[in-house]
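The values are calculated or read from the model by the stated rules, or taken from the named source; none is laboratory data. None of these values were measured; they are calculated from a predicted model. Here the Cβ positions follow ideal geometry from the backbone for every residue, glycine too, while neighbour counts run over all protein chains shown.
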Amino acid sequence: MNKILTFLAMTIALTATAATADKEARVYEIRTYTASAGKMEALHKRFRDHTVRLFQKHGIEQLGYFVPVDAPETKLVFVLSYPSRAARDQSWKAFMADPEWVTAFKESEKNGSLVSKVENPFYLATDYSPAIKASAGTEARAFELRTYTASAGNLAGLNARFRDHTVALFAKHGMTNLAYWNLMPDQKGAGDILVYIIAHKSREAAAESFKNFRTDAAWTKARAESEKKAGGSLTAAKDGVISLFLKATDYSPTK
């Protein structure tokens with residue numbers, strides 16, 4: 001009996017260790033495509049008809065596809081996930097060489113490039129992020145991509161405040177925590193940037209949620225204490241917090 005219990009305990013421990021290692025190693029890529037003038041619908045079509053399926057074929061996990069609420073014709077923002085950076089490079093090499101992709105790309109760009117700019121920084125999940133996975137709500141949701149630039153030397157303090165207070169308070173006030181990331185160490189701005197995605201029932205609900213959050217006594221106390229410890233704001237004075245409201249595309253696995 002003792003041997004069985006010992007075996008079960010070891011199995012549970014190994015499983016937990018593997019899960020932690022996977023979370024630490026898993027790489028996330030947030031790709032932002034700026035569409036060429038008048039090409040957004042063609043870009044959506046290429047993703048809908050070819051790219052999404054080919055990403056899946058080559059082991060690229062797709063978490064969500066979004067466009068800005070205020071300018072849906074300008075950008076496509078999407079989140080991809082990989083077991084490691086090496087796996088990412090291998091998957092993209094195979095995807096780019098796939099005959100179907102080569103043909104689809106050439107056909108779609110006969111009248112000009114669909115994309116004028118590509119941005120694709122790489123991230124690791126924070127230790128307080130919920131499990132990052134595709135999720136579909138029962139009704140259309142408003143998504144918010146928020147980018148925080150920490151003031152000098154204060155990213156650790158910013159992460160601590162989210163870990164110990166902010167995430168729970170967001171949930172308390174009706175916001176759904178989807179993912180929290182820091183840039184990988186080799187990325188420009190590493191050590192300064194926190195990026196996260198939250199979901200709201202609507203943009204109006206978001207405004208109400210943040211209003212209640214900012215006046216919550218627990219938040220005002222946590223903010224005051226963290227800023228006293230840091231000697232000032234935990235975010236940079238200029239562009240310290242940038243918010244972008246997004247809506248999911250029809251082919252997004254997260255809606």
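List of remarks:
- Residue match in the stretch 236-253 (condition: among the aliphatic types (A, V, I, L, M), touching an Asp or Glu at 6+ places or on another chain (Cβ under 8 Å) and either under 17 Å from Ala142 (Cβ atoms) or loosely packed, with under 12 Cβ neighbours inside 10 Å (or both)): yes
- Test: residue in the stretch 220-228 that is within 24 Å of Ser84 (Cα to Cα), out of contact with any Gly (no Cβ under 6 Å at 6 or more places or on another chain) and small (Gly, Ala, Ser): no
- The test for being surrounded by 14 or more Cβ atoms within 10 Å (Cβ to Cβ) and touching a Gly at 6+ places or on another chain (Cβ under 6 Å) does not hold for Thr126.
- Scanning the stretch 76-125 for residues that are under 25 Å from Lys247 (Cβ atoms) and not small (Gly, Ala, Ser) yields a count of 14.
- Flag if Leu8 is part of a helix (DSSP H, G or I) and at pLDDT 95 or above: no
- Options Ala104, Ala97, Ala134, Ala152; residue that is surrounded by fewer than 19 Cβ atoms within 10 Å (Cβ to Cβ) and in contact with a Gly (Cβ under 7 Å, 6 or more places away or on another chain): Ala134
- Unmet requirement for Ala131, which otherwise passes all of (1) closer than 27 Å to Ala248 by Cα; (2) touching a strand residue (DSSP E or B) at 6+ places or on another chain (Cβ under 6 Å): (2)
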